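None of the figures in this text is laboratory data; all of them are computed from the coordinates on show. This structure is a prediction, so every number in the text was calculated from the model and none was measured.
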Amino acid sequence: MKDHVVLPEDTDYIIENIGLKIKKMVVLQNSYHVASMDNDKEQIVKDSYHFVQQHIGQRAVYLNS
């Protein structure tokens, strides 16, 4: 599906210029602009959870202790 609000090249700009060392771009094929409320919302939750666990999972355990 095509997002009618954000152009694909805008995503490239954000990925290149965001001030984070760890980042991942995921293309959501089944949603429009508000993907968190659209067809891919479950994928967003699952992928976000796994990303956080992969990168800060161990540190999160210590923060909650």
**Request:** Check the straight Cα-Cα distances from Lys24 and name the lysines below 18 Å, setting aside those fewer than 8 residues away within the same chain.
**Result:** Lys41, Lys46
**Item:** Derived scalar couplings ³J(HN,Hα) [segment 8-18; Karplus, 6.51 cos²θ - 1.76 cosθ + 1.60; whole Hz; x for Gly, Pro]
**Value:** x, 5, 5, 4, 4, 4, 5, 4, 6, 10, 5
